[in-house]
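Engineer: Before I ask anything, here is the structure I am working with.
The values are calculated or read from the model by the stated rules, or taken from the named source; none is laboratory data. In this text, all values refer to a predicted model and were calculated from it rather than measured experimentally. Cβ: placed from backbone, ideal geometry, glycine included. Neighbour counts: every protein chain shown. The protein model used for the area step is the full one, side chains on, heavy atoms only, and it has no ligands, DNA or RNA in it. Shrake-Rupley method; radii C 1.70, N 1.55, O 1.52, S 1.80 Å.
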Amino acid sequence: MAHDAGDGGVELPPPAKKKSPAEEEAEKRRKKLTPGSLMKSIIRSGSGDATPAEGDQVILHCTTRTMDGIIVNSTRREHGGKGIPLRFVLGKSKMILGFAEGFPTMLKGEIAMFKMQPKIHYAEDDCPVAAPDGFPKDDELQFEIEMLDFFKAKVVAEDLGVVKKIVEEGKGWETPREPYEITARITARTADGKEIIPSKEEAYFFTIGKSEVPKGLEMGIGTMARKEKAIIFVSSANLTKSSLMPQLEGLEEVHFYVELVQFIQVRDMLGDGRLIKRRVVDGKGEFPMDCPLHDSLLRVHYKGMLLDELKSVFYDTRADNDGKPLEFCSGEGLVPEGFEMCVRLMLPGEKSIVTCPPDFAYDKFPRPANVPEGAHVQWEIELLGFEMPKDWTGLTFEQIMDEADKIKNTGNRLFKEGKFELAKAKYDKVLREYNHVHPHDDEEGKIFANSRSSLHLNVAFCYQKMGEYRKSIETCNKVLDANPVHVKALYRRGTSFMLLGEFDDAKNDFEKMITVDKSSEPDATAALLKLKQKEQEAEKKARKQFKGLFDKKPGEISEVGVESEGGKDVGGAGGSDDATSADTGANTMDSPTREPEYAFEEERPGLLGRLWPSARRIFSSLGMNRCTIL
């Protein structure tokens, strides 16, 4: 340890690098080595100076002999073996201690003899591999190893049954997955070199996920880039019957030599096979970094067809739009949802064919006159280009607020159209951008704070319309944390409390409105009246729900919620008759543009949670603080 003469301090060594569990286990096993327990002699020198490292796959022949020279077992045919070399991935494959320590010392092509004491091979305490039947594991043995090859391996399967060696790097980083369409040149040999699939010039075509090639080969190809060449080592456990290899009997291992010529991106957008995007012409750039994932101005040509026998064309921008492309802003609900979902995953210049079900096509979107209701459609789409939204960096405060208003106004339009999720996304987008905006004076700060509060309340209103009342309350709290007397936030939160059935909290918010701002009294009074109606309705339902509960004699069982009218159960959580009625008092509260008339939606999760306040008062009036139902 070194001392600093200047101030008498002590120079501490750098902290030790934390070892991985595999490294700790290797070090623990290494302590079992003692002088003379593992000896090596070189029979034939190898080439080069590189030796195997952790993560490399080693391929080798092994012959085991007793100290008298008697062969115990061997991979070589001349010694009774199958002629199939062994494969190990250093640091991952389970192996005897002598192999783990000996392999990293060998050169490619080297033949060496390792003499091992029993504790260094299969007689090791807690040996991770079992000795073959009849193996003399308690004897000192000699292991003759020929290092045929080693290379950096890509482990594809956790059981090491699929391992890839890259022969030639591919282009880009995109790799195929189900249900991509693959074009590849494939040859195959057994582990001992026998040809199974001969080399030929024409490529093989198949679709991932359809069992058209063995499972292990499909897994390996799923890690390859375009134009990549690789050898994929597949063990018998990962060989499955397919049209490529219908016969698998007697195959312990197959080496596939693959050149991935091309793959066509096919995406199951919904995961249920209904909305499929199939790329037919590649675009420019890298997927998905160069796709219009964010809201953008998009330019596309497209042809729409019905998926009927005639494939009737109902619209073609080149024929029906004077040859001009369609321009639209994504994220604004201007095109069918399935159309936009697919365009967002296209590269500039790309052409794709999209098949779309009616609920993501025109059943929830203004339908062209020649598209019948419930029609499945196909779009041929070409993305000509797109423009990203304006970067706010370098803009003045006034320019930033102008940009924010444009996006907010789009959100307001979407809200009026009933597209609450899209509207919320617009408000959220501005709020995210606001995280990087810093007003320069008090006047700008006031404008900025008011704008941010307005956006939060619009988000809260969207949550309310989407039935997510708890999230609406949490969003209102963001405004009230900064300004506890914000009347509009109190109104919005009180309304959400009311819709959740939390009437006491709702009442507190509505009454507080009057306290902090007398001008809000008409709105608050109307809200309190509506709240009283809601409480009465809830109490009425509770009385029906528990009617007869206390009319039985001791020992009799009462049933709850079976009061029926005309044979119908009225104990459920149905909405009230005025579920769609408007509360005109809400029109002066904060809203997207002027707030649309407020609809009191009823049916909410948790019946007892909504009815409990009233039910408790009923029990108290009967002189019971607790109710037991037999």
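Engineer: LEU395 - would you say it is of a type in the set (A, V, I, L, M), more than 28 Å from the chain's Cα centre (by Cα) and open to solvent by 50 Å² or more (accessible area, probe 1.4 Å)?
Structural biologist: no
Engineer: Counting only residues that are farther than 19 Å from ALA131 by Cβ, give me the strands (runs of 3 or more DSSP E) lying completely in the range 56-106 with at least 3 of them.
Structural biologist: Hits in the range 56-106: 56-66.
Engineer: Residue check: is ILE182 buried (at least 18 other Cβ atoms within 10 Å of the Cβ) and either free of Cβ contacts under 8 Å to residues at least 60 places away in the same chain or in contact with a helix residue (DSSP H, G or I) (Cβ under 8 Å, 6 or more places away or on another chain) (or both)?
Structural biologist: In short, yes.
Engineer: Just give me the residues in the range 123-135 being touching a residue at least 12 places away in the same chain (Cβ under 8 Å), open to solvent by 30 Å² or more (accessible area, probe 1.4 Å) and in contact with a strand residue (DSSP E or B) (Cβ under 9 Å, 6 or more places away or on another chain), in sequence order.
Structural biologist: Hit for the range 123-135 is PRO132, nothing else.
Engineer: List the pairs whose first member sits in the range 38-60 and is in contact (Cβ under 8 Å) with a residue 12 or more places away in the chain, whose second member is of a type outside the set (Gly, Ala, Ser) and exposed (fewer than 10 other Cβ atoms within 10 Å of the Cβ), and whose Cβ atoms are under 6 Å apart, counting only residues at least 6 apart or on separate chains?
Structural biologist: none
Engineer: Here's another thing I want to ask about it. Residues of the range 368-410 being small (Gly, Ala, Ser) and closer than 19 Å to GLY304 by Cα, which ones?
Structural biologist: Passing the criteria: ALA369, GLY374, ALA375.
Engineer: Which condition from (1) without any contact (Cβ under 8 Å) to a residue 60 or more places away in the chain; (2) open to solvent by 30 Å² or more (accessible area, probe 1.4 Å); (3) not in a loop (DSSP other than H, G, I, E, B); (4) not hydroxyl-bearing (Ser, Thr, Tyr) is the one that GLY250 breaks?
Structural biologist: (3)
Engineer: Which members of the range 1-53 meet the condition of being surrounded by 10 or more Cβ atoms within 10 Å (Cβ to Cβ), part of a loop (DSSP other than H, G, I, E, B), modelled with pLDDT of 85 or more and not hydroxyl-bearing (Ser, Thr, Tyr)?
Structural biologist: Answer for the range 1-53, where residues must be surrounded by 10 or more Cβ atoms within 10 Å (Cβ to Cβ), part of a loop (DSSP other than H, G, I, E, B), modelled with pLDDT of 85 or more and not hydroxyl-bearing (Ser, Thr, Tyr): LYS32, LEU33, GLY46, ALA50, PRO52, ALA53.
Engineer: Residues TYR427, TYR491: which one is open to solvent by less than 20 Å² (accessible area, probe 1.4 Å), more than 30 Å from PRO366 (Cα to Cα) and of a type in the set (Phe, Trp, Tyr)?
Structural biologist: TYR491
Engineer: So is MET67 within 26 Å of LEU141 (Cβ to Cβ), among the hydrophobic types (A, V, I, L, M, F, W, C), at pLDDT 90 or above and open to solvent by 40 Å² or more (accessible area, probe 1.4 Å) or not?
Structural biologist: yes
Engineer: Let me ask something else about it. Taking ASP359 and the conditions (1) touching a residue at least 60 places away in the same chain (Cβ under 8 Å); (2) open to solvent by 20 Å² or more (accessible area, probe 1.4 Å); (3) under 30 Å from GLY283 (Cβ atoms), which numbered condition does it fall short on, given that it satisfies the others?
Structural biologist: (1)
Engineer: Give the residue, chosen from GLU443, GLU421, GLU417, GLU387, that is farther than 20 Å from ALA527 by Cα, touching a Cys at 6+ places or on another chain (Cβ under 8 Å) and of a type in the set (D, E, K, R).
Structural biologist: The match here is GLU421.
Engineer: Can you tell me which residues in the range 411-430 are closer than 21 Å to LYS390 by Cβ and more than 29 Å from the chain's Cα centre (by Cα)?
Structural biologist: ASN412, ARG413 - these are the residues of the range 411-430 that are closer than 21 Å to LYS390 by Cβ and more than 29 Å from the chain's Cα centre (by Cα).
Engineer: Hey, another quick one. Pick from the range 127-160 the residues that are aromatic (Phe, Trp, Tyr) and closer than 30 Å to GLU218 by Cα: which of them is farthest from the chain's Cα centre (by Cα)?
Structural biologist: PHE150
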